[in-house]
Amino acid sequence: MPLTQRPIVETEQLVKAKLGDIPIRHDQMAVVANIHRAASAVRQHVENSVLRGVDLTWTGFVVLWVVWISGETETRLVAEEAGISKGTLTGVARTLESRGLVRRIEHPSDGRRVLLGLTDEGEALMRTLFPDFNAEEAFVAAPLSAEECRATADALRRIVVQVETHGEDRRLELLDGAEPAPRRSGRRPKS
């Protein structure tokens with residue numbers, strides 16, 4: 001597949017040229033930008049190399065992964081763990097259910113809540129698919145030594161913990177305790 005994005009080194013040079021005299025934290029910007037670019041590159045690679053062959057999207061795989069690892073789980077928690085909205089989960093779960101990979105289970109104590117669980121077919125798919133997925137994880141991390149993999153994983157874990165632990169306080173601080181404005185639906189503001 002041909003490269004459709006500008007090479008990362010060229011992008012970094014353009015950013016430095018554009019923002020060079022603006023007083024910002026360049027190293028921290030590079031970390032966050034590279035997290036995003038790496039996540040996008042890995043997602044696209046895995047979708048094209050492993051998931052397409054079993055007709056799964058990245059999001060569908062992540063939902064299967066969460067339920068496979070956690071067992072029967074309330075849909076709200078699956079959505080949180082997968083990093084998607086409940087509305088998105090509803091559509092993904094319907095697709096996975098129509099393929100016979102997940103099943104909806106009535107919550108044992110609250111009829112308003114629903115659990116998701118893997119079917120036998122979903123369990124079998126994850127057992128056969130995950131080694132191929134993991135082989136691509138190894139391919140992606142191949143330029144790093146085992147020690148560098150552990151150090152990178154640790155550094156990324158610390159970033160996640162920072163946001164999980166202090167992100168809400170930071171958001172409230174930046175907004176002076178107010179709720180953020182609602183997202184626009186893509187319409188332009190009236191002039």
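Quick look at the numbers
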| read-out | value |
| --- | --- |
| The range 1-45: number of residues that are outside any helix (DSSP H, G or I) and either open to solvent by 80 Å² or more (accessible area, probe 1.4 Å) or over 25 Å from residue 138 (Cβ atoms) (or both) | 12 |
| Hits in the range 69-85 - residues which are over 21 Å from residue 42 (Cβ atoms), without any contact (Cβ under 8 Å) to a residue 12 or more places away in the chain and of a type in the set (A, V, I, L, M) | 77, 79 |
| In the range 112-122, residue nearest to residue 59 (Cα to Cα) [restricted to those that are open to solvent by 60 Å² or more (accessible area, probe 1.4 Å) and either in contact (Cβ under 8 Å) with a residue 12 or more places away in the chain or in a strand (DSSP E or B) (or both)] | 121 |
| Candidate set: the range 123-163, residues that are of a type in the set (Ser, Thr, Tyr) and outside any loop (DSSP other than H, G, I, E, B); chosen: the one least open to solvent (accessible area, probe 1.4 Å) | 152 |
| Hits in the range 46-65 - residues which are open to solvent by 40 Å² or more (accessible area, probe 1.4 Å) and either touching a Lys or Arg at 6+ places or on another chain (Cβ under 7 Å) or part of a loop (DSSP other than H, G, I, E, B) (or both) | 55, 57, 58 |
| Pairs, first β-branched (Val, Ile, Thr) in the range 150-167, second assigned to a helix (DSSP H, G or I), C-beta under 8 Å, six or more apart | 159/31; 159/35 |
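Results for (1) open to solvent by less than 80 Å² (accessible area, probe 1.4 Å); (2) closer than 25 Å to residue 43 by Cβ; (3) part of a strand (DSSP E or B), shown as yes or no for each residue.
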site: 67; (1), (2), (3): yes, yes, no
site: 87; (1), (2), (3): yes, yes, no
site: 96; (1), (2), (3): yes, yes, no
site: 104; (1), (2), (3): no, no, yes
site: 110; (1), (2), (3): yes, no, no
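The values are calculated or read from the model by the stated rules, or taken from the named source; none is laboratory data. All values derive from a computational prediction rather than experimental measurement. Note: ideal-geometry Cβ built from the backbone for every residue, glycine included; neighbour counts use all protein chains shown. Only protein heavy atoms, including side chains, enter the accessible area calculation; ligands, DNA and RNA are left aside. Shrake-Rupley method; radii C 1.70, N 1.55, O 1.52, S 1.80 Å.
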